[in-house]
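**Q** Below is a structure I'd like to ask you about.
The values are calculated or read from the model by the stated rules, or taken from the named source; none is laboratory data. The structure presented is a predicted model; accordingly, all values stated were derived computationally and were not measured. So basically every Cβ, Gly included, is an ideal-geometry build from the backbone, and we count neighbours across all protein chains shown. Calculation scope for accessible area: heavy atoms of the full protein, side chains included, ligands and nucleic acids excluded. Shrake-Rupley method; radii C 1.70, N 1.55, O 1.52, S 1.80 Å.
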Amino acid sequence: AVWLARDDYGRSGGEVEGGTRLDFPMIDRLFEAGYFSEYTETVRRSLVKLSMVDNFTGVMIRELGDSPLPEMEDILAQNPFVMYDAKSGVYSFYSLYRQFLVHKQPRVSTKEWRTVYRAAARMMEEAGRPEAALPYYVESGDYDNLVAATWKMTNMYADRSLTEHLNRELGRLPEGYFARHPGASLLRATLALLLLDVDDAKRQLEHLSR
């Protein structure tokens with residue numbers, strides 16, 4: 001039952017079915033001794049970075065570049081708290097193990113955070129899910145690639161929900177970016193028009209005329 005989320009236990013005093021109470025400090029000691037401390041520093045850093053996303057593939061491991069992909073694949077395969085879907089090639093951590101790694105994230109620098117999100121964006125792009133890459137581009141500060149990816153998905157035949165998603169993520173960029181990049185303002189106006197928000201489209205076009 002240890003793969004259930006730590007938050008789920010918080011509401012019931014750490015009890016699972018049958019009245020058994022989980023000893024979280026003991027579980028963390030097990031993770032530390034058997035599935036963290038024994039690894040090299042580069043592998044430990046890779047694991048902590050990978051815990052920043054819900055799931056990941058070999059593409060993301062390769063993009064991070066901390067540890068060779070074959071080495072990480074072997075380590076993940078031998079870790080009983082890592083799930084792997086062979087059909088999709090997607091890895092994920094069991095909840096308690098991920099929470100254990102999440103608690104170590106403060107040691108990761110802002111620059112490394114951005115590297116992780118940039119790698120996650122590329123992972124989504126290569127998986128054929130460019131719309132899922134957009135939030136990661138925002139978090140990594142890679143605004144140019146966000147705009148480029150958004151242009152590729154912007155057309156009058158796209159589902160409204162996708163257009164709303166594109167507009168929402170584009171709207172997270174700092175206003176100063178639009179002032180320096182007229183093409184981004186044109187994209188914003190185009191999305192507003194596709195959503196039939198004529199007033200917003202006019203506002204964005206005014207930025208272009210300044």
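**Q** For segment 104-118, does any single residue satisfy the condition of being among the aromatic types (Phe, Trp, Tyr) and closer than 15 Å to ARG45 by Cβ?
**A** Taking every residue of segment 104-118 in turn, at least one turns out to be among the aromatic types (Phe, Trp, Tyr) and closer than 15 Å to ARG45 by Cβ.
**Q** Considering segment 90-133 alone, what residues qualify as being over 10 Å from the mean Cα position of the chain (by Cα) and within 16 Å of LYS152 (Cα to Cα)?
**A** Of everything in segment 90-133, those that are over 10 Å from the mean Cα position of the chain (by Cα) and within 16 Å of LYS152 (Cα to Cα) turn out to be ARG122, GLU125, GLU126, ALA127, GLY128, ARG129, PRO130, GLU131.
**Q** Go over the candidates ARG114, ARG62, ARG45, ARG98 one by one and state the one that is of a type outside the set (A, V, I, L, M, F, W, C), in a helix (DSSP H, G or I), at pLDDT below 90 and under 30 Å from GLY141 (Cα atoms).
**A** ARG62
**Q** Can you tell me which residue among PRO130, PRO174, PRO182 is under 24 Å from VAL90 (Cβ atoms) and either modelled with pLDDT of 95 or more or open to solvent by 20 Å² or more (accessible area, probe 1.4 Å) (or both)?
**A** Residue meeting the stated conditions: PRO130.
**Q** For residues that are part of a loop (DSSP other than H, G, I, E, B) and of a type outside the set (Val, Ile, Thr), scanning just segment 101-111, find the one that is surrounded by the fewest Cβ atoms within 10 Å (Cβ to Cβ).
**A** SER109
**Q** Six or more apart or on different chains, Cβ atoms under 9 Å: show the pairs whose first residue is in segment 169-187 and free of Cβ contacts under 8 Å to residues at least 40 places away in the same chain and closer than 17 Å to THR154 by Cα and whose second is among the acidic types (Asp, Glu) and surrounded by 15 or more Cβ atoms within 10 Å (Cβ to Cβ).
**A** Listed pairs, sorted by first residue: GLU169/GLU131.
**Q** Looking only at segment 29-42, how many residues end up being crowded, with 19+ Cβ neighbours inside 10 Å and either of a type in the set (S, T, N, Q) or in a strand (DSSP E or B) (or both)?
**A** Residues meeting the conditions: 0.
**Q** Which of the residues spanning segment 66-95 are part of a helix (DSSP H, G or I) and open to solvent by 60 Å² or more (accessible area, probe 1.4 Å)?
**A** Scanning segment 66-95 gives PRO70, GLU71, GLU73, ASP74, ALA77, GLN78.
**Q** Within segment 45-62, work out how many residues are open to solvent by 50 Å² or more (accessible area, probe 1.4 Å) and touching a residue at least 12 places away in the same chain (Cβ under 8 Å).
**A** Adding up the residues that qualify gives 3.
**Q** Looking only at segment 117-144, which residues are over 17 Å from TYR177 (Cβ atoms), outside any helix (DSSP H, G or I) and not charged (D, E, K, R)?
**A** The answer is ALA127, GLY128.
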